[in-house]
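The values are calculated or read from the model by the stated rules, or taken from the named source; none is laboratory data. Please read these numbers as outputs of a predicted model, since none were measured by experiment. Cβ: placed from backbone, ideal geometry, glycine included. Neighbour counts: every protein chain shown.
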């Protein structure tokens, strides 16, 4: 039993450490024109556009970075894109109204079903739904811990972060946070998780051992509606998109004090980061752009026109 | 049948782990048909869904004004009222309800705001708020007539569409201003119980007026003025039933406080 879990841990660590060579691309869902824009991250130009399906929102990569997954909400599916050919190779049944998801180290996809107050787990190899887990109203953000043992799901209209144990696929804790929780992210060893609250305008730090809140802080910016979160590779800084605040807030990961505020496009939601943490890519919904942020200078270095209402970003670089 | 039972068990299981579940009974005076009541029921469904995860249950008892007077004070957490302004004022002024949150769910009477009772919480738009919103619109669009509303069944932004979908699915009718008021009152009460872990009326009233940060699924966090009026955006609807704008209109000074009576002073 113990040996098995040690072996599993080793296996998981080995698999997450084994990054494939990056393809130096970023992928962006365009919610209102049913496409994914492909950006070359060396030139920061759009090099391709994929017709993906109706109302694409959440976006992510398979653990081997060979496949791109896109939640196409109106079709109730996850579209699977072969990243060599950029073709949609299949669409996996993902329940009603899949909004966002995260991919576990073992390849399973954890999905929030916004209209059904549930999270579903699908195995992309078989396309089968492994489990459906009831959560609060309007589930939104999903994050799998680095070792794959925990999944967090936010429920926007019931103000909770639900903690799911992936061994049992059961909710083990419900943590009440500020109004309309949205984004989630873990630090590198999974000891801390961060959640953003859009209407409450707060960021919360959760200790994943005790499953309790260790810090909550308001973002001191006018019009800020915190959404997506990224944690720097050294775990010292978190980046939070501020929605109608039209910026990325740079916060100290421990104290949540604001270090910088970087103006980007209008109604910014999705946020992607390069592996080395040097650049951020933001989905600026109302502007129809992706902004590229240099984290060394905290400056917006480029604005790239993409499709209508860009929603989510994933970076393979 | 077995499958249904399975699903029911699945939905109920989180509740089982709470040793100290808080059971909350709210009281309502008003008609039990129509939109206010449907909104209350929608709010209850959602409050109980949240309560399954956090260890609370909620129900609403429909009672008369006379029955409220007979209830022991310790059994009253909050009173929801869907009557006309005259009865509402009588109820809010009852001695035993001095520190009990009394929710106005149905009246736009300015007098209920001007009276500034510390325990009366007005969810609907006041007449003055509607007039101010219309004046802002007409300044810029003198030739196009619109009406002012707290809610609309086509409202999409700020997750309004999700609430509209849930309401229509459960009640087979479209959500109106009155239904939104009923829903909002229950949701802010359940939010208060979940966060304070208390049900006594004085704690409720204090939290609602001072600490509440409520997501009404229509934009910014909603809070109460000292007049007891809920700050909120106003939707402007044209004669073809289309949403044409949200007040406060862009560029108007004062934001949400450009609408209605701001304070008791």
Of the residues in the range B:252-265 that are farther than 16 Å from residue B:128 by Cα and out of contact with any helix residue (DSSP H, G or I) (no Cβ under 9 Å at 6 or more places or on another chain), the one that is nearest to the other protein chains (Cβ to nearest Cβ) is B:253
In the range A:27-36, anything buried (at least 19 other Cβ atoms within 10 Å of the Cβ) and within 14 Å of residue A:305 (Cβ to Cβ) is listed as A:28, A:30, A:35
Working carefully through the options A:157, A:197, find the one that is under 19 Å from residue B:191 (Cα atoms), within 14 Å of chain B (Cβ to nearest Cβ), buried (at least 24 other Cβ atoms within 10 Å of the Cβ) and over 16 Å from the mean Cα position of the chain (by Cα). A:157
Identify, from the list A:209, A:173, the residue that is over 17 Å from the mean Cα position of the chain (by Cα), within 14 Å of chain B (Cβ to nearest Cβ), surrounded by fewer than 21 Cβ atoms within 10 Å (Cβ to Cβ) and modelled with pLDDT of 95 or more. A:173
Give the residue, chosen from B:41, B:15, that is in contact with a helix residue (DSSP H, G or I) (Cβ under 9 Å, 6 or more places away or on another chain) and at pLDDT 95 or above. B:41
Somewhere in the range B:210-219, is a residue loosely packed, with under 14 Cβ neighbours inside 10 Å, within 14 Å of chain A (Cβ to nearest Cβ), in a helix (DSSP H, G or I) and free of Cβ contacts under 8 Å to residues at least 12 places away in the same chain? no
Residue hits (the range A:102-144; part of a loop (DSSP other than H, G, I, E, B), free of Cβ contacts under 8 Å to residues at least 60 places away in the same chain and away from chain B (no Cβ under 14 Å)) are A:107, A:108, A:125, A:126, A:127
Scan the range A:78-91 for residues that are surrounded by fewer than 21 Cβ atoms within 10 Å (Cβ to Cβ) and either free of Cβ contacts under 8 Å to residues at least 40 places away in the same chain or not in a strand (DSSP E or B) (or both) and jot them down. A:82, A:83, A:84, A:85, A:86, A:87, A:88, A:89, A:90, A:91
Against the condition surrounded by 16 or more Cβ atoms within 10 Å (Cβ to Cβ), at pLDDT below 95 and assigned to a loop (DSSP other than H, G, I, E, B), how does residue B:251 come out, does it pass? no
Just checking: which of the strands (runs of 3 or more DSSP E) contained wholly in the range A:145-263 hold 2 or more residues that are on the phi < 0 side of the Ramachandran plot and in contact with a helix residue (DSSP H, G or I) (Cβ under 8 Å, 6 or more places away or on another chain)? A:160-165, A:170-176
Of everything in the range B:47-80, what is over 30 Å from residue A:117 (Cβ atoms), crowded, with 17+ Cβ neighbours inside 10 Å and free of Cβ contacts under 8 Å to residues at least 60 places away in the same chain? Give them in sequence order. B:68
So residue B:206 clears everything in (1) over 18 Å from residue B:56 (Cα atoms); (2) within 14 Å of chain A (Cβ to nearest Cβ) except one condition, right? Which one? (2)
Could you list, in sequence order, the residues of the range B:219-248 that are closer than 17 Å to residue A:244 by Cβ and modelled with pLDDT under 95? B:219, B:220, B:221, B:222
Return yes or no: is residue A:39 touching a strand residue (DSSP E or B) at 6+ places or on another chain (Cβ under 9 Å), buried (at least 22 other Cβ atoms within 10 Å of the Cβ) and under 24 Å from residue A:19 (Cα atoms)? yes
Scan A:243, A:270 and give me the residue that is under 19 Å from the mean Cα position of the chain (by Cα), surrounded by 20 or more Cβ atoms within 10 Å (Cβ to Cβ) and within 11 Å of another protein chain (Cβ to nearest Cβ). A:243
Looking at residue B:202 and the list (1) buried (at least 21 other Cβ atoms within 10 Å of the Cβ); (2) assigned to a helix (DSSP H, G or I); (3) touching a residue at least 24 places away in the same chain (Cβ under 8 Å), which single condition is not satisfied? (1)
Scan the range B:220-242 and give yes if some residue there is within 11 Å of chain A (Cβ to nearest Cβ), touching a strand residue (DSSP E or B) at 6+ places or on another chain (Cβ under 7 Å) and buried (at least 22 other Cβ atoms within 10 Å of the Cβ), otherwise no. yes
Of all the helices (runs of 4 or more DSSP H) wholly in the range B:78-195, which have at least 2 residues that are within 14 Å of chain A (Cβ to nearest Cβ)? B:160-171
Do you know which residues across the range B:21-42 are over 14 Å from residue B:176 (Cα atoms), buried (at least 16 other Cβ atoms within 10 Å of the Cβ) and within 14 Å of chain A (Cβ to nearest Cβ)? B:22
